[in-house]
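Written below as structure tokens is the structure these notes are about.
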Amino acid sequence: MEPEFHSAIIPAGFAQAIQTGNLCQQSIADFRLLLTNLFYRSINMETIASEKINCLIIGSGPAGYTAAIYAARANLKPVLYQGIQPGGQLTITTDVENYPGYPDGIQGPEMMVDFEKQAAKMGTDIRFGLATKVDLSQQPYKVWIDEEKIIEANAVIIATGASAKWLGLESEQRLNGYGVSACAVCDGFFFRGKEVAIVGAGDTAAEEALYLSKLCTMVHMFIRKHEMRASKVMQERVFKTPNIKVYWNTETEEVIGDKHVESVRVFNNKTGEKQNISVSGFFVAIGHQPNSDIFNGWLNMDEAGYVKTIPGTSKTNIEGVFACGDVQDKVYRQAVTAAGTGCMAALDAERYLGEKGLH
Ligand SMILES: Cc1cc2nc3c(=O)[nH]c(=O)nc-3n(C[C@H](O)[C@H](O)[C@H](O)COP(=O)(O)OP(=O)(O)OC[C@H]3O[C@@H](n4cnc5c(N)ncnc54)[C@H](O)[C@@H]3O)c2cc1C
């Protein structure tokens, strides 16, 4: 049998020289390089610290913090890693009026500070760090944090959320939360009796346009192509709604406004014709990206990358690994549903660890 060489460690020239028996000046230099590689590799292996814990929670949005509150109260001693957006998606919005318990509404970032405080008060070990790689082949499951540390956990709760896709305009970013939104169900209410615009051509865009049409006087819907991607049924519903005006072959050039959205400048990508349309709200409905890349190849996912869970539970295809919040929910995507599934994940984890005799 041919010896197997690890290409990342053994220089190609040296590997060839060993196989052919033809050692020369170059292969001696390669041999030195091999020793250096092995030396640094052993140092690196030694410096990657490993820590054994019972329950790991990845993500610090409503799902992760709710899972943490329940897991801590059940004495699972959870460790939670926050990722690059501590507090999750709600930290980039302003008013949240639909989360129960806040009759006067609350600012998104403030609400997430409350979530964090509650999770910490119950005993969650909250840490800043990003999960970069996983090995879910056997228990305890391994999760690399910032490529610097390995957490070995008996149960893993995935609450990594999803990110809304944006057009990438400077003005869209500047006015985000001040009339620009990626969630009609969350923010449509603020534009009752006003004119709004929406960008997108899929089922979600159609659904959001219909939702807005019940609150707003006019919904200007911009579609980049000459057709919609949405299902025929949804298209029919959009076309039949008198206060949705569809603009074909239309793209957004700029969202205009100083402190909040005042209008939008669009152009027809066939004729080049530009026009300014007065609107108070600008909704982007071009899709979401679930933050599930590091679980690729381990967990069952749909074609868009949403983690699949067993209906009515937070269980994934790997026992002891649970998913909650937007990373597994492409339908509702709300803070309260994320929190609800976070609770489910912690209860599922507790039961699982109990059955395994690990808790
Ligand atoms: C602009 C806007 C306004 C909204 N307004 C409302 C509203 O008014 N009401 C409402 O109910 N909903 C609203 N939503 C939707 C709501 O924010 C989401 O449904 C909710 O935040 C989902 O919670 P989550 O915990 O699943 O994920 P997220 O809030 O997305 O949090 C994901 C967390 O995972 C972390 N993470 C990701 N990858 C990793 C990793 N590899 N390692 C470690 N951590 C990781 C991130 O840092 C983040 O902390 C809004 C959304 C947006 C974008």
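Cβ-Cβ distance of residue 114 and residue 300, R₀ of 25 Å, FRET efficiency by 1/(1 + (r/R0)^6): the value works out to about 0.15. Model label points for residue 336 and residue 51, set 7 angstrom from Cα along the Cα-to-Cβ axis, are 3.6 nm apart.
Would you mind ranking 186, 324, 343 by Cβ crowding within 10 Å, fewest neighbours first? Write down the numbers at each step before the final one.
Working: 186 21, 324 34, 343 17.
Fewest-to-most Cβ neighbours within 10 Å comes out as 343, 186, 324.
Based on Cα contacts under 8 Å between residues 6+ apart, the chain shows a relative contact order of 18 percent.
Length available on full extension from residue 127 to residue 293: 0.36 nm per residue minus the Cα-Cα distance, which gives 57.7 nm.
Per residue, what volume in Å³ does the Cα convex hull of the chain take up? Kindly include the intermediate steps, with their values, before the conclusion.
Values: hull volume 75.5 nm³, N = 359.
Considering the Cα atoms of the chain, their hull volume per residue is 210 Å³.
By the rule of a C-alpha distance below 22 Å, with chain neighbours fewer than 8 residues away ignored, the lysines paired with residue 165 are 225, 308, 330.
Of the residues 197, 164, 145, the one whose Cα sits farthest towards the positive end of the charge dipole of segment 128-256 is 197 (charges of +1 on Lys and Arg Cβ, -1 on Asp and Glu Cβ, taken about the Cα centre).
List the relative contact order of segment 170-284 as a percent without decimals, with contacts defined as Cα pairs under 8 Å and 6+ residues apart.
It comes to 31 percent, rounded to a whole number.
By how many degrees, between 0 and 90 and to the nearest 10, does the Cα long axis of helix 25-47 differ from the longest principal axis of the chain? With rounding to tens, the tilt is 70 degrees. When only alpha carbons of segment 136-247 are considered, Rg and Dmax amount to 20.0, 57 Å.
If R0 is 22 Å, the Cβ-Cβ spacing of residue 137 and residue 313 corresponds to a FRET efficiency of close to 0.50. Label separation (residue 95 vs residue 232): 4.2 nm, computed from points 7 Å beyond Cα along the C-beta direction.
As a check on your grasp of the helix formula, calculate [θ] at 222 nm for the chain: sum -39500 (n - 2.57) over DSSP H runs of n ≥ 4, divide by the residue count, round to the nearest 500.
Values: 9 runs with 108 residues, N = 359.
It lands at -9500 deg cm²/dmol.
Taking every DSSP bridge with both residues inside the chain, close to 45 percent are antiparallel. The angle separating the long axis of helix 62-73 from the principal Cα axis of greatest extent in the chain is about 60 degrees. For residue 52, the lysines whose Cα comes closer than 20 Å to its Cα, not counting residues fewer than 8 places off in the same chain, are 77, 133, 142, 149, 356. For the chain, the longest principal axis of the C-alpha atoms and the axis of helix 335-355 are separated by about 30°.
Just to verify a number: FRET efficiency for residue 148 and residue 192, C-beta to C-beta distance, R0 = 35 Å, to 0.05?
Details: r = 49 Å, r/R0 = 1.41.
It comes to 0.10.
Every number in this text was worked out from the coordinates using simple rules, so none of it is lab data. Just so it is clear, the model here is predicted, and its values are computed rather than measured. So basically every Cβ, Gly included, is an ideal-geometry build from the backbone, and we count neighbours across all protein chains shown.
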